[in-house]
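The values are calculated or read from the model by the stated rules, or taken from the named source; none is laboratory data. Just so we're clear, the structure is a prediction, and the values are computed from it rather than from any experiment. Counting neighbours? That spans all protein chains shown, and the Cβs are built from the backbone with ideal geometry, glycine included.
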Amino acid sequence: MEPSKPWYASRTIWANLIAAVATIGTVAGVDLGMTGEEQASLVAGILAVVNIVLRLTTKTSIKGKGDA
């Protein structure tokens with residue numbers, strides 16, 4: 001079993017943080033030439049694919065509060 005890693009080394013967490021920023025940008029009115037619904041659908045679709053790929057390639061868990 002692989003050793004645990006700190007949360008900030010998780011590609012999954014970073015991908016989701018980037019998606020959150022993109023979503024907040026949509027809410028804040030950042031104009032990418034699409035409607036808000038199109039932007040939200042694009043972010044959701046990309047995030048779903050990225051999360052599936054990351055889940056299939058992840059070998060190391062992140063450290064929890066009680067982990068050394």
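Before moving on, here are some points about what is shown:
- When we screen Thr57, Thr12, Thr26 for residues that are under 19 Å from the mean Cα position of the chain (by Cα) and in contact (Cβ under 8 Å) with a residue 40 or more places away in the chain, the only hit is Thr12.
- The residues of the range 13-68 that are in a helix (DSSP H, G or I) and in contact with a Ser or Thr (Cβ under 8 Å, 6 or more places away or on another chain), listed by number, are Gly36, Gln39, Ala40, Val43, Asn51, Leu54, Arg55.
- Extreme residue, surrounded by the fewest Cβ atoms within 10 Å (Cβ to Cβ), among residues of the range 19-59 that are polar (S, T, N, Q) and at pLDDT 90 or above: Thr57
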